1. Inside the range 21-79, can you point out the residues that are of a type in the set (K, R) and within 21 Å of K100 (Cβ to Cβ)?
2. Can you say whether S22 is hydroxyl-bearing (S, T, Y), assigned to a loop (DSSP other than H, G, I, E, B) and open to solvent by less than 40 Å² (accessible area, probe 1.4 Å), as far as the supplied structure shows?
3. If you take the residues of the range 159-182 that are modelled with pLDDT of 95 or more and among the hydrophobic types (A, V, I, L, M, F, W, C), which of them is most open to solvent (accessible area, probe 1.4 Å)?
4. Any idea which residue in the range 141-164 is nearest to R92 (Cα to Cα), counting only those that are of a type in the set (D, E, K, R) and in a strand (DSSP E or B)?
5. State yes or no: is Q93 surrounded by fewer than 22 Cβ atoms within 10 Å (Cβ to Cβ), at pLDDT 95 or above and in contact with a strand residue (DSSP E or B) (Cβ under 7 Å, 6 or more places away or on another chain)?
6. Taking L10 as meeting all but one of (1) buried (at least 16 other Cβ atoms within 10 Å of the Cβ); (2) in a loop (DSSP other than H, G, I, E, B), write down the number of the exception.
7. Looking at the range 146-158 only, could you name the residues that are out of contact with any Asp or Glu (no Cβ under 9 Å at 6 or more places or on another chain) and either within 15 Å of R117 (Cα to Cα) or surrounded by 15 or more Cβ atoms within 10 Å (Cβ to Cβ) (or both)?
8. For the subset of the range 74-88 comprising residues that are open to solvent by 30 Å² or more (accessible area, probe 1.4 Å) and assigned to a loop (DSSP other than H, G, I, E, B), which member is farthest from A49 (Cα to Cα)?
Amino acid sequence: MSSISDVAALLERYAAGERDFSGTNLRAIDLKDANLQGIHLQHADLEHANLLNSDLMGANLSHANLSQASLQKTDLTQATLEGANLYKADMRQAKLHGTKLQRADLRYVNLSSADLRDADLREVNLSGADLLHTSFYRANLVGADLRGADLFQVHLQEAYFDEKTQFDPGFDPVLLKMQRLG
């Protein structure tokens with residue numbers, strides 16, 4: 001795994017047109033307010049990274065380690081985070097419209113007030129997540145694990161679920177106007 005310890009070096013290479021930083025060690029890097037649209041960070045280590053208010057629209061973060069990263073107010077619209085580790089990440093008010101998150105680890109993530117409209121969340125683990133005021137409108141939650149997640153005041157209207165989607169006992173997805181597939 002290559003390593004970039006200098007924020008200026010990464011931003012300079014990005015500004016010069018380089019987009020592929022796959023497998024790079026960016027642990028605890030401070031990229032607050034950075035514009036990194038379309039960047040490729042597959043398998044990158046961004047544990048404890050500060051990406052507060054950054055623009056990662058269309059970025060590829062598949063299988064990246066973003067555990068305990070700050071992604072508050074980050075724009076991840078149409079980004080790919082398939083299989084990413086987002087354990088305990090702070091994603092409050094993040095924009096995840098149409099984002100691909102299949103099989104991502106979102107245990108204990110804070111997604112309060114985040115926008116996950118039309119997001120692909122198939123087989124994600126959202127157990128213990130804080131989802132207060134989060135919008136899952138038309139999101140695909142097929143096979144997702146939502147046990148222990150805070151579903152108080154969550155917008156789940158027209159979100160998709162199936163028999164493999166796991167909820168806490170007594171939770172009725174149909175009552176919240178979720179759509180059953182299969």
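The values are calculated or read from the model by the stated rules, or taken from the named source; none is laboratory data. Remember, it's a predicted structure, so these values are computed and weren't measured experimentally. Note: ideal-geometry Cβ built from the backbone for every residue, glycine included; neighbour counts use all protein chains shown. These accessible areas exclude ligands, DNA and RNA; they are computed on the full protein's heavy atoms, side chains included. Shrake-Rupley method; radii C 1.70, N 1.55, O 1.52, S 1.80 Å.
1. First, pick out the residues of the range 21-79 that are of a type in the set (K, R): 27, 32, 73.
Result: K73, single match.
2. Details: hydroxyl-bearing (S, T, Y): yes; assigned to a loop (DSSP other than H, G, I, E, B): yes; open to solvent by less than 40 Å² (accessible area, probe 1.4 Å): no.
The answer is no for S22.
3. Within the range 159-182, the match that is most open to solvent (accessible area, probe 1.4 Å) is F167.
4. First pass over the range 141-164, keeping only residues of a type in the set (D, E, K, R): 145, 147, 150, 158, 162-164.
Subsequent filtering for residues that are in a strand (DSSP E or B) retains 145, 150.
Numbers: D145: 20, D150: 14 Å.
The qualifying residue nearest to R92 (Cα to Cα) is D150.
5. Numbers: surrounded by fewer than 22 Cβ atoms within 10 Å (Cβ to Cβ): yes; at pLDDT 95 or above: yes; in contact with a strand residue (DSSP E or B) (Cβ under 7 Å, 6 or more places away or on another chain): no.
Considered against the rule, which asks whether it is surrounded by fewer than 22 Cβ atoms within 10 Å (Cβ to Cβ), at pLDDT 95 or above and in contact with a strand residue (DSSP E or B) (Cβ under 7 Å, 6 or more places away or on another chain), Q93 comes out as no.
6. The one condition L10 does not meet is (2).
7. Within the range 146-158, the subset out of contact with any Asp or Glu (no Cβ under 9 Å at 6 or more places or on another chain) is 152-158.
Once the filter is applied, which keeps residues that are out of contact with any Asp or Glu (no Cβ under 9 Å at 6 or more places or on another chain) and either within 15 Å of R117 (Cα to Cα) or surrounded by 15 or more Cβ atoms within 10 Å (Cβ to Cβ) (or both), the range 146-158 yields V154, H155, L156, Q157, E158.
8. This residue is Q78.
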